[in-house]
There are 2 protein chains.
Amino acid sequence: MAGLNQVQRQTGVALWRQIADRIREAIGNGAYDETGMVPPETVLALQFGVNRHTVRSALAALAQEGIVRAVQGRGTLIERKERLNFPITRRTRFTAGIGDQARETRGLLLDEVTEEASAEVARWLRLKPGAKVIRLETLREADKRPVSKATSWFPAERFAGIGEAYRKHQSITKAFVELGLADYVRATTEVTAAHADTADLADLELTPGAILLVAKAMNTDLDGMPVQYSISRFAADRVQFTIEN
Amino acid sequence: MAGLNQVQRQTGVALWRQIADRIREAIGNGAYDETGMVPPETVLALQFGVNRHTVRSALAALAQEGIVRAVQGRGTLIERKERLNFPITRRTRFTAGIGDQARETRGLLLDEVTEEASAEVARWLRLKPGAKVIRLETLREADKRPVSKATSWFPAERFAGIGEAYRKHQSITKAFVELGLADYVRATTEVTAAHADTADLADLELTPGAILLVAKAMNTDLDGMPVQYSISRFAADRVQFTIEN
DNA sequence: TTAATATGTCTATTGATATAGACAACTATA
DNA sequence: TATAGTTGTCTATATCAATAGACATATTAA
């Protein structure tokens, strides 16, 4: 697994970025937990079959992200190692899902808009196309680090004021309670992966080429009526999903 | 949508590759279904804010992948549009999951090895570390296109000969039946995303920088005894997972 | 047939990427 | 206190990536 030669040339992806991605992933997988350090630059250069300067570019990028810190004479220390597990069940909730994996979770309301439902949103929420829906753009953090960004739609009539309620409680679950919905369940989740767009890169503090896990989810009330459709984007190197059957 | 479709400079990912990735994704999302063509090069150049030659590099890469075909004077035609839906349930099976989304599915056995279980494999299969396990490397295709690559481990004692059985039936389910296991269920699935390594890039016919959806799954027999642990890698732009609760 | 609209090809220039080698500066330890 | 092992800095060179402009060539529709 501590692999040889995992980079390719002339592909439009610079070698230093391929190497940075691999090292970030290896750190996340605990490959260097014994020493708490990345292997020496010369060793990495040999492993990847590139010049030492190329490895240095990769490590510089990781240092910029705050993942490693180079100390002259000693080596390159691992500063931060992040991978949260996020269970997807019938009772999926963001904050409860993180559980004791982080000390502090936070939900920021980035934007709130009332708009007409697109065909896709209308289908998921079982509304007529063009029906009024409230769209929330939210950013969720764990221990001050952004974990995911979500776009959520709610039927406007039933959940008027959900933006304000979310801002107050920083939680969809609590906002629902305030609006009279005591409980809800996850009906469907679709998972894909994609490259992040510029806005998501910035909000999630990622570097271009970074991968997102994308979860399209639909929640219903206990009568099976859709109450929320959301598209959540998670930084793939910070999160994994678990589906228990 | 058009103006927001931006690319970033000096990130180690060439502009032409970022653009190729975005266009491939847009095609997969059906963005150009009305015309069956990609917008003209000059329009794309304007949208992405780059030179026309840069767009041409991106389209050349997509043509190389067989996704588009440029016709002088007419435009750039979309040749292939691929996105399979793959449900993850208690009864998840690859071939049945694809269902009628493809006319023909195939399973290739790339490699078969008997080895000692690593700590991770032993934990999932509830074996002692070092116990004998059979590892299969398989490649699954739908309509002659590679869809996923999987590494699977089985308890060696119980499932001796599973490699041969898989080669014959091209299906894990049928191989299990031949070895006396009539039915099994999916116990756990963990989903992450990652960059493909060189071997997976080649087998899945992907270009570097491509994204994989990675599903780590454990199947048990009806008594709850683990029978298979597998790590499947799917080309992210060819599949999505659906989790029904 | 013509004009408008596409893609295809060529030259030229600039900045980013990658390699190569040499040596300085710092840390841990034998 | 040497010494081995590590990161930091510098110079130089070659190739890739991106821009720019001009014009050729093919298709479609007026």
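The values are calculated or read from the model by the stated rules, or taken from the named source; none is laboratory data. In this text, all values refer to a predicted model and were calculated from it rather than measured experimentally. Methodologically, a virtual Cβ is constructed for each residue, glycine included, from the backbone with ideal geometry; neighbour enumeration extends over all protein chains shown. With ligands, DNA and RNA removed, areas are computed over all heavy atoms of the protein, side chains included. Shrake-Rupley method; radii C 1.70, N 1.55, O 1.52, S 1.80 Å.
Some notes on this structure:
- Neighbourhood charge, 12 Å Cβ-Cβ cut-off, centred on A:Ala196 and excluding it, Lys, Arg +1 and Asp, Glu -1: -4
- Cα gyration tensor shape of the range B:88-159, rounded if a/c is under 1.5, else prolate or oblate by comparing a/b with b/c: prolate
- Solvent-accessible area of the range A:84-243 (1.4 angstrom probe, protein heavy atoms only): carbon and sulfur portion equals 50 percent.
- Working note: Karplus 6.51/-1.76/1.60 with θ = phi - 60° gives the range B:165-181 the couplings 5, 5, 4, 6, 8, 6, 7, 5, 4, 5, 5, 4, 4, 4, 8, x, 9 Hz, where Gly and Pro are set to x.
- Each other copy places its own label point for A:Lys132 at 7.1 nm from this one, sorted shortest first, where the point lies 7 Å along the Cα-to-beta carbon line.
- If the chain linking B:Ala199 and B:Arg90 were pulled fully straight, counting 0.36 nm for each residue of separation and taking away their Cα-Cα distance, it would gain 36.2 nm.
- With Cα atoms as the point set, the range A:190-245 shows a radius of gyration and Dmax of 13.6, 42 Å.
- Placing a pseudo-label 7 Å from each Cα along the Cα-to-Cβ vector at A:Val71 and B:Asn29 gives an inter-label distance of 4.5 nm.
- Closest approach to the axis - chain B beta-carbon, rotation onto A, Å: B:Ala193, 2
- The range A:15-78 shape via C-alpha gyration tensor axes, a/c threshold 1.5: rounded
- Once the Cβ-Cβ distance of B:Asp111 and A:Lys81 is raised to the sixth power relative to R0 = 35 Å, the FRET efficiency obtained is 0.65.
- Sorted from longest to shortest, the spans of the Cα atoms of the protein assembly as shown along the three principal axes equal 61, 56, 54 Å.
- Placing a label point 7 Å from Cα along the Cα-to-Cβ axis, A:Glu79 is separated from the same position in the other copies by 4.6 nm, shortest listed first.
- Once divided by 2.2 N^0.38 Å, the Cα radius of gyration of the range B:55-178 becomes 1.42.
- Evaluated with a Cβ-only charge set (Lys, Arg +1; Asp, Glu -1), the range B:84-243 carries a dipole of roughly 340 debye about its Cα centre, given to the nearest 20.
- Just so you know, the Rg over Rh for the range B:151-194 is 1.03, from Cα atoms, with Rh as the Kirkwood radius.
- Cα gyration tensor, the range B:170-215 - rounded (a/c under 1.5), prolate or oblate: oblate
- Violating pairs (Cα-Cα greater than 21 angstrom) within the set A:Lys216/B:Lys174; A:Lys81/B:Lys149; B:Lys132/B:Lys168; A:Lys144/A:Lys168; B:Lys128/B:Lys168: A:Lys216/B:Lys174; A:Lys81/B:Lys149; B:Lys132/B:Lys168; B:Lys128/B:Lys168
- Compared with the dominant principal axis of the Cα atoms in chain A, helix A:52-64 is inclined by about 30°.
- Check: the range B:189-245 dipole with +1 on Lys, Arg Cβ and -1 on Asp, Glu Cβ, in debye: 120 debye
- Loss of accessible area when A meets B, both sides summed, Å² nearest 100, probe 1.4 Å: 3600 Å²
- Cβ-vector label at 7 Å, A:Leu108, separations to other copies in nm: 4.7
- Here chain A is treated as a Stokes sphere of Kirkwood radius computed over C-alpha pairs; at 37 °C and 0.692 mPa s its diffusion coefficient rounds to 165 µm²/s.
- A simple count of charges around B:Pro40, restricted to other residues whose Cβ falls under 11 Å of its Cβ and scoring Lys, Arg +1 and Asp, Glu -1, yields +1.
- Neighbouring Cβ atoms from other chains, within 10 Å of the Cβ of residues in B:177-189, number 1 on average.
- Partner chain coverage, peptide B:16-29 - average Cβ within 10 angstrom: 2
- 12 Å beta-carbon shell around A:Ile134, net charge (K/R +1, D/E -1): -4
- For chain A, the longest principal axis of the Cα atoms and the long axis of helix A:15-28 meet at an angle of about 70 degrees.
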